[in-house]
Amino acid sequence: MRRAEPQIRSPGLPQVHSLHASRHRWHVGITLIELLVVLGVIAIIVGLSVPALAGYAKQLRLKAITRQVVGLVSLARSLAITAHEDHAVVVDREEGELSVVTLSSGEAQEQRVRLPQSTSVEVLMGGEPAAEARVVFKPAGSLATRTMSLVLADRGRSHTITITGATGAITVD
C-alpha cells in the first residue's frame, strides 16, 4: 500500500507536494562568477578615473596658489592705502616665495606665499619681462608703473594675475 504524501496548503495557492517543493525553491545569493564580474567592472571604472582625478588635483593646486597670491597682492595694496606709504609684492625666485615689503623701511610683513617647487612665477610689465621682480603700490592704491602681470605656471597650466597701473584693480585670467 502506498503512503499518502504530505501536502502543503496555502489559501489561494495551488497545492504543492513536499517531495517536489525542493526542486522549485529559489536559492538566494550570488555566485563567485557574478562577484568577479562586479569586481572587474569596479576595477575598470577606478582605472579610468584615476588619471582624470590626478589632473584635477593639479588644477586645484594652481587655483589655490593663485588665490593666495591674489590675497597677498590685495593686502599690499590695502597696506599702501592705509599706511600712506609705498608697499611692494616682492618675488623671491630662489626661495620660491612672494612677500609684502614696506619700501620706506624695507620691513617685510609676516604674510608670505610659498610656491610649490613645480610652480613658477614670472613678473611682466606691459607684456614684457619686468626689470625687477616686484609690484609696487603707491598710497593712492595705484601702481608705481604701468599695468603689471604675475604669471603662475605649473606643469603646462598657467594663471595670469593682472594689476591695472592707474587703478590697482586686480583681475585673474
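Quick look at the values:
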quantity: Loop-located trypsin sites (Lys or Arg not before Pro) in the stretch 38-104 whose Cβ has at most 14 other Cβ within 10 Å (DSSP); calculated: 93
quantity: Sequence-distant residues sharing a close amide H with residue 168 (under 5 Å, placed H); calculated: 143
quantity: Net charge contributed by nearby residues that have their C-beta within less than 13 Å of residue 58 (K/R +1, D/E -1); calculated: +3
quantity: Dipole in debye (nearest 20) - the stretch 32-172, about Cα centre, beta carbon charges: Lys, Arg +1; Asp, Glu -1; calculated: 380
quantity: For the stretch 32-172, the spread of Cα positions along each principal axis, largest first, Å; calculated: 76, 30, 27
quantity: Per-peptide average of other Cβ atoms within 10 Å, ordering 144-152, 36-44 highest first; calculated: 144-152, 36-44
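Each reported figure results from applying straightforward, stated rules to the coordinates on display, with no laboratory input. Keep in mind it's a predicted model, so treat the numbers as computed, not measured. Every residue, glycine among them, receives a Cβ derived from its backbone with ideal geometry; neighbour counts consider all protein chains shown.
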